[in-house]
Every structure is written in C-alpha cells, then in structure tokens.
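The values are calculated or read from the model by the stated rules, or taken from the named source; none is laboratory data. Computed from a prediction, not measured in an experiment: that's the story for all the values here. Cβ placement follows ideal geometry from the backbone for every residue including glycine, while neighbour counts extend to all protein chains displayed.
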Amino acid sequence: MEASRAPQLSSVPAHVAAERIVDLDIYATPGGETDSIRPWLSLRDSTSFKMLWSPRNGGHWITLDSDQIPKILADSDRFSSEVMVLPREMSEATKLIPVQSDPPEHTHYRAIIAKEMSAKYIMALKEPLEEVATMLIDKFRGRGKCEFVADFSSQFPVYVFFVLAGLPREDAQRLHDHATQMTRPDGSVTPEQFITVLDGYLAPRVLERMKNPGEDLLSRVISKPVNGRPMTIEEANRICRTLLLGGLDTVTSLMGFVALFLAGHPEYQEQLRGNPRIVAGAADELLRRFPFLVLARVARCDMEFDGVTVKKNEIVMVPTMLHNLDPNLFEDPKDVRFDRGLKAHSTMGNGIHRCVGASLARAELIAFLDVWHKLMPTVRVDPNDKVVHRSGAANAVSYLPLVWDVPST
C-alpha cells in the first residue's frame with residue numbers, strides 16, 4: 001500500500017552531498033506501524049550529521065538538531081510557514097489561515113482566533129468537556145473492552161469542536177476520516193480532491209454564518225474585522241479550514257499516545273485516580289513526553305546549517321520529538337514525571353506559529369485524564385490484539401485495543 005502511495009524519488013540538488021541523503025518517507029517510516037516516534041530517534045542516533053536530505057515527497061531537508069528545532073519553528077524571518085505539510089502541493093491547496101500565513105498578515109489573523117481562545121473562554125468549557133467525556137465513557141465502561149481510538153479519542157475532540165462550531169455532530173466522523181488525509185495520507189485522494197471535499201462541506205456553512213452570524217465559534221471568528229476591514233469570504237473559508245482541521249486530528253493523536261502509555265503503566269493510573277490535584281501537571285508532562293508532529297518550514301533565504309547550504313525555497317522538516325526527547329535538554333526525557341514542572345517544549349510548535357488552539361488541547365487532555373480516572377478501573381492493552389501506529393506529519397496511534405475487569409454486580 002505504501003509503495004503505491006509514496007511518490008517517485010525526486011532528483012537531488014547538486015549542492016546536496018551524497019552522504020547527506022537518506023531515503024526516508026515521513027508517511028512510511030521504518031517500523032512506524034509499531035512505534036511512529038521511535039524511527040525519528042533512531043535516525044538521530046544513527047548519524048553524526050544534524051541536517052539530512054530526503055528525496056521523498058518532492059525532496060526536503062530534515063533537521064536532527066534538537067537545539068535548532070524550536071529556533072527554526074520560531075524564526076519567521078528566515079523560515080516561512082507557507083508549506084506546513086508535504087507534499088508541497090497539499091499545502092498549496094489548503095492555504096490555511098493563520099497557520100500558513102507569515103507576518104505581518106499572520107498577526108492580524110491570529111489575534112482574531114486567539115481572542116476566542118482566551119483563558120476565560122477555555123475555563124468556561126470545563127463542565128462541557130467533562131460532560132462529553134462522561135457521555136462517551138458511559139457507552140463502553142460496562143463492556144470490559146474498547147478500541148480507544150474509535151470509541152473515544154476520535155470522537156471526544158471532534159464532538160467538542162462540532163458543538164463549539166455549531167456543526168451537526170453526525171458529520172464529525174466522516175470529516176475526521178477525511179482530515180487525516182492531510183497529516184497521514186494513504187493516496188486515495190489528491191490535494192485538489194482533499195480541498196474540494198473540505199470546502200464543499202464548509203463553504204455554504206461559512207457563507208450562512210457571514211450573512212447570519214450566531215454565537216458559535218465559527219461565527220464569532222469570521223465576524224471580526226481584519227486590520228480594520230470586514231473579512232472576505234475567501235479569508236473566512238481559509239480560517240474555518242484551519243479551525244476544522246485543527247479540531248479534528250491533533251488531540252486525537254495526542255490522546256492515543258497518552259492512553260497507550262497509561263495502559264502500560266498502571267502505577268500512573270493509580271496516581272491520577274487517587275490525586276486529582278496532580279492532573280493539570282500530569283497533562284503538561286504528557287504533552288511534553290509525546291510530541292507527535294513533524295512540521296515543515298520553507299527557507300526564505302540561503303543559510304548555513306551543519307556545514308550545508310539550505311537554499312531559498314527549500315523545505316526543512318522539523319521533527320518535534322527530537323527536541324522534547326533530547327537527554328541534553330530534559331533529564332531522562334523518556335521518563336514521565338508528573339512533578340517535572342512546566343518546561344518549554346515543541347509539541348505544539350514554537351514562536352508566533354505555536355498552535356493557537358494549544359490551550360483548548362490542554363483543557364481537553366485534562367478533562368480526559370480527570371474523568372477517565374474517576375470512572376474507569378485500571379485498563380491494559382488487550383494481550384490478544386495488536387496496537388497499530390501510523391506515521392505522518394501528525395504521528396498517531398491508529399488502533400488501541402484496551403481491556404479491563406468489570407466489577408461483578
């Protein structure tokens with residue numbers, strides 16, 4: 001399947017030395033089906049080079065320098081966010097605002113969304129988030145088993161977003177499955193087909209909200225002026241694409257990794273169950289421990305890195321896990337320590353392009369950890385089934401079978 005999906009090898013630019021070339025497809029990393037984060041750590045440990053070139057997906061650099069990762073993500077002067085995911089054609093089709101916008105335009109757009117994602121707004125969501133988590137868990141906790149992704153993590157953030165956006169919940173799963181074609185494509189749709197389906201759903205709903213705005217999240221965002229003028233229909237569509245895609249996939253990926261970890265460590269489940277006051281700190285540590293994004297940036301000028309020239313308009317892939325799991329930056333980085341304390345990491349990006357919905361993602365993770373450990377007994381991975389990972393721009397646990405003992409009545 002991957003062989004048919006993967007594009008042909010691109011020609012290697014003349015300035016790229018042979019010893020810098022690695023035949024790596026970020027959507028089919030070696031061993032990525034059993035652990036989608038480990039291949040990046042293995043690549044880092046296999047070479048002394050800090051900058052490599054892959055001829056896959058149109059050709060791109062990969063930085064392995066953990067010190068440079070947060071700097072590249074934050075350096076909008078030298079690196080553009082115009083290309084966020086590969087292949088380049090996908091980013092050219094999506095044109096997400098503000099994710100793929102650069103300053104100064106980015107500043108105006110981000111301010112609009114950030115205002116709607118303020119601390120006051122997020123705090124007001126505590127009860128609704130807990131209610132959604134409870135509703136989903138109640139459906140399966142008496143069964144003694146669940147497939148966590150299908151039964152919870154792919155539904156929880158999607159349901160929350162669709163409620164906030166005033167969209168019909170019954171549309172959520174179909175759009176969630178389509179959204180993964182951007183971050184973990186299987187070759188079934190082209191970039192043009194991807195955006196056609198997405199806009200076919202969003203555009204009429206955006207237009208209706210522009211004519212008759214309500215109190216939902218989409219209405220509140222697109223009704224705001226941009227630098228003193230009304231938002232255009234095109235801008236509104238591109239902003240709503242961002243909100244929709246961000247709400248459909250990122251938290252699902254994060255929760256899969258967290259649930260897999262907890263299922264293998266009952267002692268951490270007991271900590272969370274017995275002491276709800278540590279849940280917020282635990283969420284921060286789990287966010288650090290499970291970075292899943294491999295982000296793209298475009299060089300805005302020629303520059304030198306690790307003895308190579310990254311030329312203007314070349315793409316640099318930035319694996320966030322190499323920053324968060326560097327032992328030189330975090331003591332015993334693979335260990336989970338709920339009392340580690342908040343320390344800057346790259347799970348949600350860095351700089352002005354740090355995920356604008358990061359606070360909502362954190363609130364959703366906290367709600368999951370809190371409600372899950374109030375309602376559920378100790379869970380474990382089903383020994384008679386197999387966990388499946390998917391590698392991509394957003395790595396994910398795509399299948400997670402859990403079991404637990406149901407108390408006899």
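Got a number for residues in the stretch 299-332 being surrounded by fewer than 20 Cβ atoms within 10 Å (Cβ to Cβ) and not basic (Lys, Arg)? Total satisfying the criteria: 18. A count restricted to the stretch 363-377 and to residues that are in contact with an Asp or Glu (Cβ under 8 Å, 6 or more places away or on another chain), assigned to a helix (DSSP H, G or I) and surrounded by fewer than 20 Cβ atoms within 10 Å (Cβ to Cβ) stands at 1. One residue is enough: does the stretch 10-22 have a residue meeting the conditions of a type outside the set (Val, Ile, Thr), under 17 Å from GLU314 (Cβ atoms), outside any loop (DSSP other than H, G, I, E, B) and more than 20 Å from the chain's Cα centre (by Cα)? Yes, there is a match, as at least one residue in the stretch 10-22 is of a type outside the set (Val, Ile, Thr), under 17 Å from GLU314 (Cβ atoms), outside any loop (DSSP other than H, G, I, E, B) and more than 20 Å from the chain's Cα centre (by Cα). Checking each residue in the stretch 246-268 for being in contact with a Leu (Cβ under 7 Å, 6 or more places away or on another chain) and either aromatic (Phe, Trp, Tyr) or surrounded by fewer than 21 Cβ atoms within 10 Å (Cβ to Cβ) (or both) picks out LEU260, TYR268. Which residues, taken from the stretch 129-166, are within 20 Å of VAL388 (Cβ to Cβ), in contact (Cβ under 8 Å) with a residue 24 or more places away in the chain and not in a helix (DSSP H, G or I)? Passing the criteria: LYS145, CYS146, GLU147, SER154. HIS323 passes every criterion in (1) closer than 17 Å to ALA282 by Cα; (2) part of a helix (DSSP H, G or I); (3) at pLDDT 95 or above; (4) not acidic (Asp, Glu) apart from (1).
Annotation: ARG56 fulfils all but one of (1) under 28 Å from GLY256 (Cα atoms); (2) surrounded by fewer than 18 Cβ atoms within 10 Å (Cβ to Cβ); (3) not hydroxyl-bearing (Ser, Thr, Tyr); the unmet one is (2). Note on the stretch 167-187: among residues that are over 15 Å from SER398 (Cβ atoms) and assigned to a loop (DSSP other than H, G, I, E, B), the one that is modelled with the lowest pLDDT is GLY187. For the stretch 264-280, the set of residues classified as of a type outside the set (A, V, I, L, M) and closer than 22 Å to VAL381 by Cα consists of GLY264, HIS265, PRO266, GLU267, TYR268, GLN269, GLU270, GLN271, ARG273, GLY274, listed by residue number.
Criterion applied to LEU329, LEU322, LEU360, LEU342 was being touching a residue at least 40 places away in the same chain (Cβ under 8 Å), within 27 Å of ARG297 (Cα to Cα) and in contact with a strand residue (DSSP E or B) (Cβ under 9 Å, 6 or more places away or on another chain), and the one residue passing it is LEU322.
Just to be sure, is MET123 of a type in the set (A, V, I, L, M), on the phi < 0 side of the Ramachandran plot, over 21 Å from the mean Cα position of the chain (by Cα) and modelled with pLDDT under 90?
It is true that MET123 is of a type in the set (A, V, I, L, M), on the phi < 0 side of the Ramachandran plot, over 21 Å from the mean Cα position of the chain (by Cα) and modelled with pLDDT under 90.
Looking only at residues of the stretch 19-34 that are more than 17 Å from THR183 (Cα to Cα) and touching a residue at least 24 places away in the same chain (Cβ under 8 Å), we find that the one that is surrounded by the fewest Cβ atoms within 10 Å (Cβ to Cβ) is ASP23. Taken over the stretch 309-344, residues that are within 14 Å of LEU73 (Cα to Cα) and touching a Phe, Trp or Tyr at 6+ places or on another chain (Cβ under 8 Å) amount to 8. Of the numbered criteria (1) touching a Phe, Trp or Tyr at 6+ places or on another chain (Cβ under 7 Å); (2) of a type outside the set (Asp, Glu); (3) surrounded by 22 or more Cβ atoms within 10 Å (Cβ to Cβ); (4) part of a loop (DSSP other than H, G, I, E, B), the one LEU402 fails is (4). Which residues, counting only those in the stretch 35-48, are surrounded by fewer than 18 Cβ atoms within 10 Å (Cβ to Cβ) and closer than 13 Å to LEU24 by Cβ? SER42, SER46, THR47, listed by residue number.
Criterion applied to ARG238, ARG229, ARG209, ARG174 was being crowded, with 19+ Cβ neighbours inside 10 Å and out of contact with any helix residue (DSSP H, G or I) (no Cβ under 7 Å at 6 or more places or on another chain), and the one residue passing it is ARG238.
For LEU198, the conditions (1) over 20 Å from ALA393 (Cα atoms); (2) aliphatic (A, V, I, L, M); (3) out of contact with any Pro (no Cβ under 9 Å at 6 or more places or on another chain) are fulfilled apart from (1). Look at (1) of a type outside the set (Lys, Arg); (2) under 21 Å from LYS334 (Cα atoms); (3) at pLDDT 95 or above and you find that SER36 fails only one, number (3). Is it the case that ALA93 is among the small types (Gly, Ala, Ser) and within 19 Å of PRO191 (Cα to Cα)? The answer is yes for ALA93.
Would you point out the residue of the stretch 63-91, among those that are of a type outside the set (Ser, Thr, Tyr) and within 16 Å of THR242 (Cβ to Cβ), that is surrounded by the most Cβ atoms within 10 Å (Cβ to Cβ)? Top of the filtered list is VAL85.
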